[in-house]
Amino acid sequence: MLIFFTYRLVRKINKAFIMMIQTNVLKEEYSVETRLQELGLSLALLLEVRDIARAAANSATAFHTANASGTYAYLEGSWALRDRFVGADWVMDRSEGVEAIFNKKLKLRIAFSNVDLAANEFRHPKPRSPKGAGAERVCGGNLFGDDLPSFAPIPEDGIATYYLMVDDRGAAELSRPVVQGRTFTACLERILLSGGLDTPLDKILMDTDDRADVFDPMVVARSVPGA
């Protein structure tokens, strides 16, 4: 089942122009499974990544730093994404300092992100912490492609970047975001994986002040030789 939402975005590419972007939201089991197969992914493995990230987040205690929960979720979520998928088709990727996996054949990049609310079809997820310039650059190709108006130019690398987005309830989605102003402003595609009810994790910190609200590492700009 596809649900369409329209968002008006202003994007600076040489000159500012306005685009109307439609978000395809897939939530029915058959549609989700079919789309994931097209992307060379497994729902079961993506949910394993989610479970590992949430288990790591829940290991933080009151004696840990305030951002420990988010830090652990990001680190272990990124590790699990590679552990479950890197092999014949997927390789590690660190383009623009963004930790991800990459499928050269499909021209597809996937990274992990903690978000405020995932798998809610009526509200776009927002990253728990600001996204850096590197994330905006690797997601630049998301503004172009077959899903967009014909006047939109084709990106040079032709790579689509998705994020496995997980919130603190265990809800998860695989989505192709637009990054502007250090956040996700919209998504071209959202594949809703779980509302969190299927997660076996039930260890919830009693004191919500102990839970980190934000963390995804900022991408540090790299110097270019001779620049």
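Only the coordinates and a few stated rules stand behind these numbers; no lab work does. If you're wondering where the values come from, they're calculated on a predicted model, not measured in any experiment. For neighbour counting, all protein chains shown are included, and Cβ atoms are generated from backbone atoms with ideal geometry for every residue, glycine included.
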> Ranked highest first by average number of other Cβ atoms within 10 Å, how do 123-134, 25-36 line up?
Replying inline: 123-134, 25-36
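Between beta-carbons, use under 14 Å as the cut-off and find the net charge around Ala80, counting Lys and Arg +1, Asp and Glu -1.
So the environment of Ala80 carries a net charge of -1.
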> Sorted by mean Cβ packing within 10 Å, highest first, what order do the peptides 178-185, 57-64 take?
Replying inline: 178-185, 57-64
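Stretched out fully, how many nm does the piece from Ser31 to Asp83 gain, at 0.36 nm a residue minus the Cα gap?
Gain on extension, Ser31 to Asp83, equals 16.2 nm.
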> Which FRET efficiency, nearest 0.05, do Ala62 and Asp116 yield, Cβ-Cβ r, R0 30 Å?
Replying inline: 0.85
